[in-house]
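Each remark here refers to the structure printed beneath this line.
The values are calculated or read from the model by the stated rules, or taken from the named source; none is laboratory data. Every value quoted in this text rests on a predicted model; they were computed, and no experiment measured them. Here Cβ is always computed from backbone atoms with ideal geometry, including for glycine, and neighbour counts include all displayed protein chains. For accessibility, only protein heavy atoms count, side chains too; no ligands or nucleic acids. Shrake-Rupley method; radii C 1.70, N 1.55, O 1.52, S 1.80 Å.
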Amino acid sequence: MVTLMAWGMVADRLAHDAQTRFTAFGEARELLFDRHVKRLIDVARSFQGLFLSSEDVSRAEFKTHYDILQVRENLPEVVSVHLDRWNAASRRLATDYRQPDDGGPQADPVVDADRAQWIELARDNNVCTLTPPHRLPEGFDGVDIGVPIYRQTGGQGDPGSVARRRQMFLGQVNVSIDLSRLIANVMPEGVTLPYRVRLTDIGTTEGVDGQQPPIVLYEGGGHDHAEPLSWMDPLRGPALDRRYVIEVGQRLWMLSLHQDPVLYLLRSEALLVLLSGALGTLVLAMTLRQMQRRVDRSAEVVRAMDQQAEFDDARLRGVIDQSTEGIITFDADCSVLAANPAAHGMFQRQSLCGQSLFDLIDPADRSALREYLRGLAHAGPGAGDVRIELRALRGEVSVFQLSLTCRPLVSAAPRGEWLGMLRDQSAGLRAAAAMRKLAQHDALTGLINREAFQKRLAQALTELRAGASAGDSVPLAMMIIDLDRFKKINETLGHLVGDRVLLEIAARLRAALDEEAVLARLGGDEFAVLVVQPDALTHIEAHARRILRLMSEPLEVDGHRLRVSGSIGITGVGVGEDLACVDGVALMSQADSAMYVAKNAGRSQLHVHHREDRQNSPVQLQLEVDLHRALERKELELYFQPQFDCRTRVLVGAEALLRWHHHSQGMVSPAEFIPMAEESGLIVPIGRWVLDEACRHALTWQEVAGRPLSVAVNLASRQMVDDDIVSAVQESLARHALPASLLELEITESSAVTDTVQARGLLNRLADLGVGVSIDDFGVGYSSLSYLRDLPVQRFKIDRSFLINVPHDAGSSRLVSAMISMARSLEVGLVAEGVETVEQLDFLAQQQCDVAQGFLLGKPVPASEFLSRLRSEWMTA
């Protein structure tokens with residue numbers, strides 16, 4: 001009798017342990033499914049946020065966002081992320097952007113009625129949807145998680161109403177998922193499952209699919225044969241069944257686990273007890289002791305699983321506490337039960353627990369909240385996520401825009417509890433506005449930059465054309481102001497003094513203009529003004545004369561009394577002029593040309609563009625003649641500015657800079673003779689001499705230092721159209737036996753994008769030689785990254801204007817960090833110009849910038865002095 005009782009007790013214990021393992025296995029699979037699905041939905045929502053925060057998301061920005069999320073590395077089940085634009089009339093989806101953009105198969109654009117209904121449901125309610133399982137274009141079964149995409153609405157996020165959502169609807173961002181990989185991430189690998197596991201799609205939460213039969217997504221595990229001795233079936237343990245319903249994008253997936261009845265009495269452990277009874281009390285006692293140990297080990301496994309569950313709960317709680325979004329739970333009476341720190345900070349309350357949700361909302365929106373909660377209660381536990389925009393109270397009086405998303409907690413109290421996700425929309429709006437301002441304004445002066453000025457000019461011309469077609473023509477005029485000999489201030493007094501001069505000049509320009517005039521800093525020491533009003537040329541000439549008068553007054557900067565003049569070029573559109581032949585580029589070119597006429601006329605002058613303008617004054621012609629003879633007289637000389645590794649502070653190369661020692665005028669500024677050389681064509685022979693001299697000096701550096709040191713040479717736009725430039729580079733490298741990898745040619749953004757076909761051809765030929773190419777003054781131009789990305793460029797050079805307020809100004813620091821990250825994503829190197837403080841250098845090193853140059857590290861010096869310092873200082877650095 002004792003043996004039989006022990007036999008039955010062991011069988012019961014085995015059944016209990018099996019039940020525990022069965023339950024733990026099911027709950028673990030459910031948790032893993034839920035986590036994976038949430039991460040996939042977060043990816044889709046992240047792309048939705050990208051489109052809501054930008055007026056026009058480019059393909060490059062779409063790819064950059066995909067790379068930042070590291071979808072390929074972190075979510076191997078994702079086959080692709082693609083933007084499908086929706087044509088409601090033809091019921092078709094047209095794939096626009098796709099990542100990875102590997103040229104793989106595209107989805108059939110024809111959409112059946114069911115999916116079209118789901119697309120419209122997602123559009124009207126701004127919800128995430130999941131397609132039924134289908135054959136992906138890649139050749140295997142999968143599903144698509146999609147979110148609606150709307151046109152950007154002035155930084156306000158979700159359009160709000162159904163009508164606005166339909167109006168602003170663009171299409172969907174779909175995340176295509178390989179079902180087999182998704183299931184492989186959830187089911188244990190390399191283990192035969194002891195249970196029959198089935199994952200089925202049982203339909204939708206909205207009933208859109210009708211009465212469609214469940215779709216089996218996965219089925220496996222379990223034993224393929226029944227245990228013998230059917231006459232002992234009444235003694236078998238109960239069959240184990242467990243079902244979990246998982247809501248995924250408005251669809252319901254059911255995870256079913258089943259284990260057939262098991263005859264635990266015939267398991268080895270139970271039989272061992274039965275047989276031990278026949279062997280006597282001693283053997284029985286020893287066997288029971290052994291069985292108890294096994295039972296204890298099973299209990300330890302269960303305890304370990306419980307501890308792991310507690311650890312997972314603690315980790316989840318830590319994630320919630322660290323979340324930047326507010327998270328609360330509240331009961332049916334709208335009393336807050338729990339809240340994370342972000343929620344407390346959002347409302348600036350010491351404790352939210354016990355407070356009514358209505359007390360946190362502005363009185364004007366409480367009725368809307370009441371209707372919203374009533375709708376949630378009516379929908380019941382099966383309701384999906386529903387969001388509402390409300391005005392909330394921060395502290396006692398401050399009001400901010402709040403986004404509230406609620407979902408029911410199924411396992412909560414009988415009366416129901418709800419989970420609320422809170423997002424402070426005002427912070428997002430402020431951040432978006434700040435980013436737009438950073439992108440369109442000059443970091444030093446706060447004026448609009450070149451890109452914003454060109455947009456204003458193009459808009460004004462568009463309005464002029466519309467007015468002209470209606471018989472109401474309004475004249476337009478603009479001017480470009482270039483400071484005279486400003487570079488000498490930078491070279492003699494340093495860039496910090498130069499920056500303060502620019503700030504003072506900007507203030508004087510503002511004072512000289514009326515409110516209707518548009519003032520911009522185009523870059524460096526160049527400013528522009530746009531006037532749109534009747535008789536605009538007369539008004540802008542008056543502005544220009546007032547500017548010249550104000551600029552003639554002396555400046556007091558850091559104890560220095562300075563006089564800074566400017567040359568002004570003016571152009572405009574008059575009444576009756578053919579606007580079809582006028583564009584912004586032509587106007588800026590005319591103003592620039594007029595400015596050079598004024599500069600050549602003696603500076604501190606203004607000139608209005610006329611067709612009969614002569615490009616050369618007597619002074620300019622004489623200087624041009626002297627420039628022709630400068631090479632013969634050996635008046636040209638190369639200076640070199642050292643470049644250092646940001647992290648190791650080791651010398652890695654130098655930039656070659658051209659200087660002219662005029663026989664009678666002394667040192668002539670490059671800002672004066674370089675444009676003259678480009679206009680006259682002298683830049684081609686001078687450029688070849690610079691290239692040859694730079695290679696000669698670079699070879700000497702290698703012999704002295706015993707290691708590679710690169711040399712960077714500026715390439716003018718006129719040289720890029722010279723058919724012999726490639727052969728000139730090849731001849732200089734061969735003449736001095738300099739490795740091509742140690743020569744770097746610097747080109748400007750404008751010369752790179754003026755004729756992209758010609759530029760790409762030239763740069764490809766240079767790349768075939770092994771010569772490196774860098775984009776100079778990166779960030780101050782107006783070129784598109786899509787052009788630069790397609791060119792064989794190895795490095796970008798950050799213009800010094802971006803480093804002025806780094807690292808003390810948070811906006812400038814974020815902008816430089818973003819430029820470095822952008823260069824990393826494009827897999828190009830980075831050189832920072834104009835480094836003048838230790839703090840700037842440390843910041844660049846921390847942000848992993850590659851190379852730096854500037855007055856802090858070394859001013860431009862003649863070749864002999866550079867070689868001397870290389871021997872005495874930089875070889876040991």
Spatially near lysine pairs across the chain, Cα under 30 Å, sequence gap of 8 or more or different chains: 23
Net charge over other residues, Cβ less than 10 angstrom from the Cβ of Val668 (K, R count +1; D, E count -1): -2
Cβ-based charge dipole, the chain, positive-most Cα from Leu627, Leu390, His560: Leu390
Relative contact order computed over the chain (Cα-Cα under 8 Å; 6+ residues apart), in percent: 7
Mean separation of Cα contacts under 8 Å, 6 or more apart, over the residue count of the range 532-582: relative contact order %: 30
Charge tally in the Cβ shell below 10 Å around Pro554, where Lys, Arg are +1 and Asp, Glu are -1, Pro554 excluded: 0
Local net charge near Ala863, Cβ-Cβ under 10 Å (Lys/Arg +1, Asp/Glu -1): -2
Global form of the range 276-392, assessed from the alpha-carbon gyration tensor, a/c cut-off 1.5: prolate
Sequence ranges 702-715, 158-171, ranked by mean other-Cβ count within 10 angstrom, highest first: 702-715, 158-171
Selection from Leu867, Gly8, Ala28 lying farthest towards where the dipole of the chain points positive, charges on Cβ: Gly8
The range 300-350 shape via C-alpha gyration tensor axes, a/c threshold 1.5: oblate
Crossing angle, helix 584-600 versus the chain [Cα axis fit, 0-90 degrees, rounded to tens]: 40
Between the range 700-745 and the range 330-377, the Cα center-to-center distance that results, in Å: 68
In Å², nearest 10: area of Asp313 left accessible to a 1.4 Å probe: 100
Packing rank of 349-356, 518-525, where each peptide gets the mean count of other beta carbons within 10 Å, highest leading: 518-525, 349-356
Cα gyration tensor category, rounded, prolate or oblate, for the range 257-327 with a/c compared to 1.5: oblate
Cα centre as origin, Lys/Arg/Asp/Glu Cβ charges: the chain dipole, Debye: 1320
The range 474-553: relative contact order in percent, alpha carbon pairs under 8 Å with at least 6 residues between: 45
